[in-house]
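**Q** Okay, here's the structure, questions in a sec.
The values are calculated or read from the model by the stated rules, or taken from the named source; none is laboratory data. A quick note: this is a predicted structure, and the numbers were derived from the prediction, not measured. Note: ideal-geometry Cβ built from the backbone for every residue, glycine included; neighbour counts use all protein chains shown. Each accessible area value is taken on the protein alone, full model and side chains, heavy atoms only, with ligands, DNA and RNA left out. Shrake-Rupley method; radii C 1.70, N 1.55, O 1.52, S 1.80 Å.
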Amino acid sequence: MNHSVALGAPTVGQEELDAVREVFDSGWLSGAGPSCLAFEKEFAAVAGVDNVLSTSNCGSALHLAQLALGVRPGDEVIVGDYTFPATGHSVMWAGAKPVFVDVRPDIWSIDPEQIEAAITPRTVGIIAVDPFGQPADYDEINAIARKHGLWVIEDAACATGATYKGRNVGSLADMTAYSFHGRKGITSGEGGALASARAELIDHARKLHTYGIAPAITREGAADLPIPSFDELGYNYRMSDVQAAIMRVQVRRLPDLLLARQRAADGYLAQLGDLEQITLPTALDDRTHPWQSYVITVAPELDRGAVAMALRAAGVGCNFGTYASHLQPLYGDQAALPVSAEIFSRHIAIPMHANLTEADVAYVSETLRSIVSDSAVRR
Ligand SMILES: *Cc1c(COP(=O)(O)O)cnc(C)c1O
């Protein structure tokens, strides 16, 4: 094969390496140090709120959010179904039960019209997911939450830098969790963050992310010898200062990286928009799509697996979209959710990252066009 295009790729280089060298020179490599604090300040501008905590990943940020909001064993948490299972797992880590709700057929985020039917006396909150980064319907979701006395957490693992009706992702829910895993829009390999307008929630999460005591940096320079005492079960959910240094560079590059992804999405729309055998992803006008992944829906008469194998054979990286959570055995009895189940069976993620060239997008588009027109991939 003469052309091969990766499904996803991080955009990191000399600037990030230089930042890592500076952390080595500083001697503070572990978490909750000066680099983490600087990153948190800078990321607050991205989130559009004053309070940010750096974390080990998005799963830990989601867990901390629920602990800070007071989730207890026996509680129920409503979760948008179509998501990576970190969302559902985090509810179980908090000892609660995830109750999955079906998603909009066009943008795959939780369907606000189906939320109220899932609310019971045990429901304490809603975790809305931004599928592949496009924000869910926060005006409608917040209105339902207010009416029933529930909190809202935004799983913005894929949504760093996105906006909804002109407002930053980070300022749309009570708490917002981000991922900086290598497949996300900006990355330190692994990493995450939690943002909130409410300082007391982030303060509590900060304590719980460092075993239940104040981080060591707050004791530095003390005139006496403060001895912390442990009164609450915490975790080590810290980002390291090495990762934070990488993230500080990535935050500076975020506008360029988002632009590069938008250009690739524009290219796919121009070159594939007329194809009858696939449906391209919907990007709504009242919110921005950061294109963490570019996910197409193959027509029911096509064999999704055969299309994916043909793409890979031609050097085009691809995968299924994400998971219909309610179908995962771990979560036990859940209602049937037909929209999520359907897209789970028909989605294919095709290459999307900030390093894609125009030639890459053209090659992927031509390859996909010829594969879906071939009778060999019909069922
Ligand atoms: C990637 C992802 C996560 C998990 O992120 P980690 O940083 O790996 O914990 C959670 N939710 C969604 C929607 C994701 O896409």
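**Q** Quick one: compute a quarter of the convex hull surface over the Cα atoms of the chain and quote it in nm².
**A** 19.8
**Q** Explain nothing, just compute: Karplus ³J(HN,Hα) = 6.51 cos²θ - 1.76 cosθ + 1.60, θ = phi - 60°, for every residue of the range 280-295 in order, whole Hz, x for Gly and Pro.
**A** Couplings: 7, x, 8, 10, 6, 6, 8, 8, 9, 10, x, 6, 4, 9, 10, 10 Hz.
**Q** Can you work out the Karplus-derived ³J(HN,Hα) for every residue in the range 227-241? Use 6.51 cos²θ - 1.76 cosθ + 1.60 with θ = phi - 60°, whole Hz, and x for glycine or proline.
**A** 10, x, 10, 9, 10, 8, 6, x, 9, 9, 10, 7, 6, 7, 5
**Q** Over the range 37-134, with every protein chain in place, what whole percent of the accessible area is carbon and sulfur at 1.4 Å, could you tell me?
**A** Of all accessible area on the range 37-134, carbon and sulfur atoms account for 55 percent.
**Q** Can you give the relative contact order of the chain as a percent, counting alpha carbon pairs under 8 Å and 6+ residues apart? Don't skip to the answer; put the middle values down first.
**A** Details: 834 pairs, mean separation 91.1, N = 379.
Rounded, it is 24 percent for the chain.
**Q** For I110, I227, give me the order by solvent-accessible area with a 1.4 Å probe, most accessible first, ignoring ligands, DNA and RNA.
**A** I227, I110
**Q** For the range 254-377, compute the orientation-averaged projected area of the C-alpha convex hull (one quarter of its surface), in nm².
**A** Averaging across all directions leaves 9.2 nm² for the Cα convex hull.
**Q** Would you check the accessible area of M309, probe 1.4 Å, heavy atoms only, in square angstrom rounded to 10?
**A** Per-residue accessible area (M309): approximately 110 Å².
**Q** Per residue, what accessible area does the chain have, given a 1.4 Å probe and all protein chains present, in Å²?
**A** Working: 16000 Å² over 379 residues.
Spelled out: the 1.4 Å probe surface of the chain, per residue, equals 42 Å².
**Q** Give the separation of the Cα centroids, the range 1-79 to the range 356-379, in Å.
**A** 35
**Q** Per-residue HN-Hα couplings for the range 114-126, Karplus 6.51 cos²θ - 1.76 cosθ + 1.60 at θ = phi - 60°, whole Hz, x for Gly and Pro?
**A** 9, 6, 4, 5, 9, 7, 10, x, 8, 5, 10, x, 10
**Q** Give the percent of DSSP beta bridges with both residues in the chain that are antiparallel, rounded to the nearest 5.
**A** Of those bridges, close to 55 percent are antiparallel.
**Q** Further, regarding this structure: Which of A38, A216, A308 moves the most in a Gaussian network model of the chain with Cα springs under 10 Å?
**A** Comparing A38, A216, A308 in the GNM, the peak value goes to A216.
**Q** Specify the residue with the greatest mean-square fluctuation among L356, L17, L311, computed from a Gaussian network of the chain linking alpha-carbon atoms under 10 Å apart.
**A** L17
**Q** Further question: So how much slack lies between D25 and A306, counting 0.36 nm per residue of separation and subtracting their Cα-Cα distance, in nm? Write out the running numbers ahead of the final one.
**A** Values: separation 281, 0.36 × 281 = 101.16 nm, distance 5.14 nm.
Fully extending the segment from D25 to A306 adds 96.0 nm.
**Q** Taking DSSP loops as anything outside H, G, I, E and B, show the longest stretch in the chain free of chymotrypsin sites (Phe, Trp or Tyr not before Pro) there with at most 16 other beta carbons within 10 Å.
**A** My reading of the result: 1-210 is the longest stretch.
**Q** By the gyration tensor of its Cα atoms, with a ≥ b ≥ c the square roots of the eigenvalues, what is the shape of the range 101-217: rounded for a/c under 1.5, prolate for a/b over b/c, or oblate?
**A** oblate
**Q** If you don't mind, another one. Calculate, for R219 and A45, the FRET efficiency according to 1/(1 + (r/R0)^6) with r their C-beta to C-beta distance and R0 35 Å; round to the nearest 0.05. Provide the component values of the computation, followed by the final result.
**A** On the way: r = 28 Å, r/R0 = 0.80.
The formula returns an efficiency of 0.80 here.
**Q** Per the helix-only calculation at 222 nm, which mean residue ellipticity applies to the chain, given -39500 (n - 2.57) for every DSSP H run of n ≥ 4 and division by its residues, nearest 500 deg cm²/dmol?
**A** -11000 deg cm²/dmol
**Q** For every other residue with a beta carbon closer than 11 angstrom to the beta carbon of Q271, add +1 if it is Lys or Arg and -1 if Asp or Glu, then tell me the sum.
**A** Once positives and negatives cancel, what remains is -3.
**Q** Let me ask something else about it. Which residue, S90, S109, S26, tops the fluctuation ranking in a GNM of the chain built on C-alpha contacts under 10 Å?
**A** Result for the chain, Cα springs under 10 Å: S26 fluctuates most.
**Q** Something else about it: Could you calculate the contour length gain from H148 to A335, that is, 0.36 nm times the residue separation minus the distance between their Cα atoms, to one decimal place in nm?
**A** 65.2 nm
**Q** What is the Cα coordinate range of the range 193-288 on the first, second and third principal axes, sorted by size from largest, in whole angstrom?
**A** 70, 26, 22 Å, listed from the longest principal axis down.
**Q** Here's another thing I want to ask about it. At a 1.4 Å probe radius, carbon and sulfur cover how many percent of the accessible area of the range 179-299?
**A** 53
**Q** Please report the projected area of the range 150-248's Cα convex hull averaged over all directions, in nm².
**A** In nm², the orientation-averaged hull projection of the range 150-248 is 8.2.
**Q** Once the convex hull of the C-alpha atoms of the range 209-250 is built, how many Å³ does it hold per residue, rounded to a whole number?
**A** Measuring per residue, one finds 75 Å³ for the Cα hull of the range 209-250.
**Q** Just from the alpha-carbon atoms, what are the Rg and Dmax of the range 1-149 in angstroms?
**A** 19.1, 59
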